[in-house]
Amino acid sequence: MKFITVALLALIAVSVNADIASCIQGLPSPCGNNIDLSCSQALTQFSQCIVNNSCANNVNNLSDYSKCVKNCSPSSNTDVQTYVNKYAACLYGNIIGYTFAFLAIIAFMF
């Protein structure tokens, strides 16, 4: 019984990571095909902030990673702000899904 539970948890963890990647990859570019200097600069600022704040170090903890991403949201461009919010929504949605799946497995065990 414990083996089945561990196997299900591992399967859920793998599927959650795949869902996050597909959700983020599915986001349209915030600047689109337009070559808008302010959008391009805001997107570059966002990318640099993620690197400078070492957000990637928090990938194992999606809540911390999401907070780091949100803190890097530029205030200068609404298109990039919307993109950052959708990026964070991908993370939060998967946190909630993983939590419910984990609780269901725990309930199944008992």
Scalar couplings 3J(HN,Hα) for the stretch 45-51 by Karplus 6.51 cos²θ - 1.76 cosθ + 1.60 (θ = phi - 60°), nearest whole Hz, x for Gly and Pro, are 4, 4, 4, 5, 5, 4, 6
Taking only the alpha carbons of the stretch 23-91, the radius of gyration and the largest Cα-Cα distance, Dmax, both in angstrom, are 11.7, 35
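If we count every other residue with Cβ under 13 angstrom of Val84's Cβ, Lys/Arg +1 and Asp/Glu -1, where does the sum land? Mind showing how you got there, number by number?
On the way: positive: Lys67, Lys70, Lys86; negative: Asp79.
Surrounding charge for Val84 is +2.
Read-outs throughout are calculated quantities, based only on the coordinates presented, and are distinct from any laboratory measurement. Everything numeric in this text was worked out from a predicted model, so none of it was measured. Note: ideal-geometry Cβ built from the backbone for every residue, glycine included; neighbour counts use all protein chains shown.
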